[in-house]
Amino acid sequence: MTHDGYRDLLFLSASGDMDADGQAVLERHLQTCLRCRKEYEDLRSFHAALVAHRVGIEPDERLLAEARQELRLALRRERAGHPAWSGWFNPGAIAPLYRYALGAAFTLAVGFLLGRSLFLPSAAQETPRLASPFPAGGVRPEEDETRITNVHFVDHGRGTGEIEFTFDAVTPVRMRGSIDDPKIQKVLTHAMLNEENPGIRLKAVNAINRQGVETQDVETKSALIKAMEMDANVGVRKEALNALRRLPFDGEIKKAMLRALMSDSNPGLRVAAINALDSARTSALGMDSDVLDVLRQKAATDDNNYIRVKARAVILEATRQ
Amino acid sequence: MELVRKAQQGDILAFEQLVFRHDKKVLSIAARYVTSADDAKDIYQEVFLRVYRGLKKFRFKSEFSTWVHRITVNVCLTQRSRRRRTMQTLFLDDRNEEDSEAHGEIRDPAMGPDHQAVNADISSRIEKALGGLSPKQKLVFTLRHYEGYKLNEIAVMMNCAEGTVKRYLFTATRRMRDQLKDAI
């Protein structure tokens, strides 16, 4: 074997990647070659010094807890349908040259849109009103008028005498009825999940919670679960959890409570989830191994000391029975 | 395997348990590869988001851990610092005391101040030398020397031949020795 061949072996041996046969061959050579022996010693002390001076960040428990918490939030956004990278956009990270170019492009785009909205005739500005065709009963239009917006011409009717267009007809509606009325529940669940204003979402959940939905309506339950798991506002999530506690405890609600306990960033909500699981101990499902597994995990790893203590207490109580 | 199947069916609890089983390794690799806690957390998050999005396509042709490690390697290699302060923390000299204490760089109290200063200087020079390597060389070097993976394990993670890994490590070691010849 040439010296270059031995150099490869030296390198592998010093970094601890040599098999026994190769090591035997190398050691025989080292007994006779001073140059290689010197190189071998240098390499070994180099590796020892590297390992003694660790680089990078120490991946300690605190960093792990922070990373897990941030991941939970990103997963929540992902499940809610918002791409996780939306929160990562950082204008500061854009190189200065690109920043100027983007700024100029943005200004041009805003100018173009402003000019268009000011100088082009818009059908929406007219907002003609139509008589509403709503039926009488518990549902009635607020002012008996429908607001017409966003008129878009599909066919201008050249030659045929007929025109075709689309528009949005927005009618304010006032509803009055029992919370158990499926129509009322449908509107409330829609508001709970789709309203942009968190105050409205909270009021929708409140309405369901205050009156207490006795019926096991699948859609309402599913909307409450979605609100508890995905709403960006912790008040809405908590109110949804409270509403779910008033429904008969079943497998679906149990899983939702476990997910909230595992993933929610708010300690208060995690405590409420433990309480819900604890109070459901007497239900037909009882405290099964799924619940105990999660509680054990929380007792060991939750960032919040109170939750760890609480989880331990519930486990103790459950296993004592 | 059962846990993976459950997670594939949308069971978020199963997914979280999978994360908890594998995330220490992922964070450790990320933390050794970059020099700021924020960047390590970014890598960690990106890895598990890719795992979450790709879970349904996982066909059990490899171990789940191998798949996660491959994703980790890919994310490390394509990682670009999203947080501005990364550039300021490339060298240990620029790190402030608060950050280093917050993330476990606890110094040995038995060690005298002179010794500590020398060690900090050597660590700083090692990091600087590592910064001069190509991403693949740096990753192989940190996986081998700081994470203790074998060459064949690194080859599986990087989806390349063991000989290629050996070449990266050989070149990285040679360059590091040149850079650090008067330091260690």
Worksheet entry | So A:Asp17, is it over 18 Å from B:Leu143 (Cα atoms) and within 13 Å of chain B (Cβ to nearest Cβ) | no
Item to complete: Read through the list (1) open to solvent by 60 Å² or more (accessible area, probe 1.4 Å); (2) more than 21 Å from B:Ile43 (Cβ to Cβ); (3) assigned to a helix (DSSP H, G or I), then give the number of the only condition that A:Leu10 fails.
Response: (1)
Worksheet entry | A:Arg99 being surrounded by 13 or more Cβ atoms within 10 Å (Cβ to Cβ), assigned to a helix (DSSP H, G or I) and at pLDDT below 70 | yes
Item to complete: Please determine, by comparing only the residues of region A:13-24 that are open to solvent by less than 40 Å² (accessible area, probe 1.4 Å) and in a helix (DSSP H, G or I), which one is farthest from A:Glu39 (Cα to Cα).
Response: A:Gly22
Fill in: Residues located in region A:261-276, provided they are modelled with pLDDT of 90 or more and either buried (at least 21 other Cβ atoms within 10 Å of the Cβ) or within 14 Å of A:Leu244 (Cα to Cα) (or both)
A:Leu261, A:Leu269, A:Arg270, A:Ala272, A:Ala273, A:Ile274, A:Asn275, A:Ala276
Worksheet item: What number of residues within region A:41-61 are open to solvent by 30 Å² or more (accessible area, probe 1.4 Å) and either facing another protein chain (nearest Cβ under 7 Å) or in contact (Cβ under 8 Å) with a residue 12 or more places away in the chain (or both)?
Response: 6
Worksheet item: For B:Glu127, which of the numbered conditions (1) at pLDDT below 90; (2) open to solvent by 80 Å² or more (accessible area, probe 1.4 Å) fails to hold?
Response: (2)
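Mind listing just one residue for me: the one in region B:130-141 that is crowded, with 18+ Cβ neighbours inside 10 Å, within 15 Å of B:Asn74 (Cβ to Cβ) and not aliphatic (A, V, I, L, M) and, of those, farthest from the other protein chains (Cβ to nearest Cβ)?
My answer is B:Lys136.
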Discussion item. I need the full set of residues from region B:5-24 which are assigned to a helix (DSSP H, G or I) and surrounded by fewer than 16 Cβ atoms within 10 Å (Cβ to Cβ), in order please.
Written reply: B:Arg5, B:Gln8, B:Phe20, B:Arg21, B:Lys24
Worksheet item: Looking at (1) of a type in the set (Gly, Ala, Ser); (2) facing chain A (nearest Cβ under 7 Å); (3) open to solvent by 10 Å² or more (accessible area, probe 1.4 Å), which is the one condition that is false for B:Ser65?
Response: (2)
Discussion item. I'm told A:Met287 meets every condition in (1) touching a residue at least 24 places away in the same chain (Cβ under 8 Å); (2) open to solvent by 10 Å² or more (accessible area, probe 1.4 Å); (3) in a helix (DSSP H, G or I) except one. Can you identify the failing condition by its number?
Written reply: (3)
Worksheet entry | Failed item in (1) part of a helix (DSSP H, G or I); (2) modelled with pLDDT under 85; (3) open to solvent by 30 Å² or more (accessible area, probe 1.4 Å), with A:Met192 passing the rest | (3)
Fill in: Filter result (within 21 Å of the chain's Cα centre (by Cα) and among the hydrophobic types (A, V, I, L, M, F, W, C)) within region A:242-273
A:Leu244, A:Ile253, A:Ala256, A:Met257, A:Leu258, A:Ala260, A:Leu261, A:Met262, A:Leu269, A:Val271, A:Ala272, A:Ala273
Item to complete: Of the conditions (1) within 27 Å of A:Gln297 (Cα to Cα); (2) open to solvent by 20 Å² or more (accessible area, probe 1.4 Å); (3) more than 14 Å from chain A (Cβ to nearest Cβ), B:Phe58 clears all except one; give me its number.
Response: (2)
Fill in: Residues that are surrounded by fewer than 17 Cβ atoms within 10 Å (Cβ to Cβ) and not aliphatic (A, V, I, L, M), drawn from region B:153-178
B:Asn159, B:Cys160, B:Glu162, B:Gly163, B:Thr164, B:Arg167, B:Thr171, B:Arg174, B:Arg177, B:Asp178
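The values are calculated or read from the model by the stated rules, or taken from the named source; none is laboratory data. Computed from a predicted structure; not experimentally measured. Reconstructed Cβ throughout: ideal geometry from the backbone, glycine too, with neighbour counts over all protein chains shown. What goes into the accessible areas is simple: the full protein's heavy atoms, side chains included, and nothing from ligands, DNA or RNA. Shrake-Rupley method; radii C 1.70, N 1.55, O 1.52, S 1.80 Å.
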